[in-house]
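Report on one structure; see the data block that follows.
The values are calculated or read from the model by the stated rules, or taken from the named source; none is laboratory data. Quick caveat: nothing in here was measured; it's all calculated off a predicted structure. Don't worry about glycine lacking a Cβ; one is built from the backbone with ideal geometry, like all the others, and counts go over all protein chains shown.
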Amino acid sequence: VKKGANYGWNVREGKHEFKAGGEGGPFEEPIVEHAHAAKGSTDGMNSLTGGCVYRGGRLKALDGVYLYGDFVTGTMWGLRWDGAKVTAQRKIFDFPMKQIATFGEDRDGDVYWSTFTDGRLYRFTLPGR
């Protein structure tokens, strides 16, 4: 996020016009964009919830990965950024509770998230744990 930059809300969503006749540019372009789901379907993303960069010591594969999720579908994503461009992006898993609402990190760099569904706090772990 650049201080003072105009990311286009509420006239754009990603690189696309959201509200007809929207003004106010120039806009700062997003570093990543997902296809938006058709109304009433789950064939794309709906509402991305921004996350945190993983800096913990437990999960080496996630070190430096920005973790974020989709509120409606529950899909959790990760991307790597080298300061100029996205170098990797992938779906990490589908979270069945959905409604991913917030992310945070502890002093050790572990990333947690919570949902509106149950209000519990979740932590990224290795598969099978």
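Just the residues that are among the aliphatic types (A, V, I, L, M) and farther than 24 Å from GLU29 by Cα, please, taken from region 42-91. Lay out the reasoning, then the answer.
Within region 42-91, the subset among the aliphatic types (A, V, I, L, M) is 45, 48, 53, 59, 61-62, 65, 67, 72, 76, 79, 84, 86, 88.
Matches in region 42-91: LEU59, ALA61, LEU62.
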Taking strands (runs of 3 or more DSSP E) that do not extend beyond region 79-129, which have at least 2 residues that are without any contact (Cβ under 8 Å) to a residue 40 or more places away in the chain and among the hydrophobic types (A, V, I, L, M, F, W, C)?
86-94
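Of all residues being of a type in the set (A, V, I, L, M, F, W, C) and surrounded by 16 or more Cβ atoms within 10 Å (Cβ to Cβ) in region 75-91, which is farthest from VAL65 (Cα to Cα)? Just the residue, please. Step through it out loud before you land on a result.
Our first condition is that a residue be of a type in the set (A, V, I, L, M, F, W, C); within region 75-91, this holds for 76-77, 79, 81, 84, 86, 88.
With surrounded by 16 or more Cβ atoms within 10 Å (Cβ to Cβ) added as a condition, the list becomes 76-77, 79, 81.
Values: MET76: 12, TRP77: 9, LEU79: 5, TRP81: 8 Å.
Across region 75-91, the extreme among qualifying residues is MET76.
When the residues of region 23-33 are narrowed to those that are surrounded by 10 or more Cβ atoms within 10 Å (Cβ to Cβ) and at pLDDT 80 or above, which ends up nearest to GLY78 (Cα to Cα)? Spell out the reasoning first.
Taking region 23-33 and keeping what is surrounded by 10 or more Cβ atoms within 10 Å (Cβ to Cβ), we get 24-25, 27-33.
Still in the running and at pLDDT 80 or above: 25, 27-33.
Numbers: GLY25: 29, PHE27: 24, GLU28: 21, GLU29: 19, PRO30: 15, ILE31: 13, VAL32: 11, GLU33: 13 Å.
Residue satisfying both the conditions and the ranking: VAL32.
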Output for region 102-120, where each listed residue is surrounded by fewer than 16 Cβ atoms within 10 Å (Cβ to Cβ), modelled with pLDDT under 95 and either touching a strand residue (DSSP E or B) at 6+ places or on another chain (Cβ under 6 Å) or hydroxyl-bearing (Ser, Thr, Tyr) (or both):
PHE116, THR117
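In region 1-17, which residues are in a loop (DSSP other than H, G, I, E, B) and touching a His at 6+ places or on another chain (Cβ under 9 Å)?
Filtering region 1-17 for residues in a loop (DSSP other than H, G, I, E, B) gives 1-11, 14-15.
Correct list: GLY14 only.
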Given the conditions (1) at pLDDT below 90; (2) part of a strand (DSSP E or B), which single one is not true for ALA20?
(2)
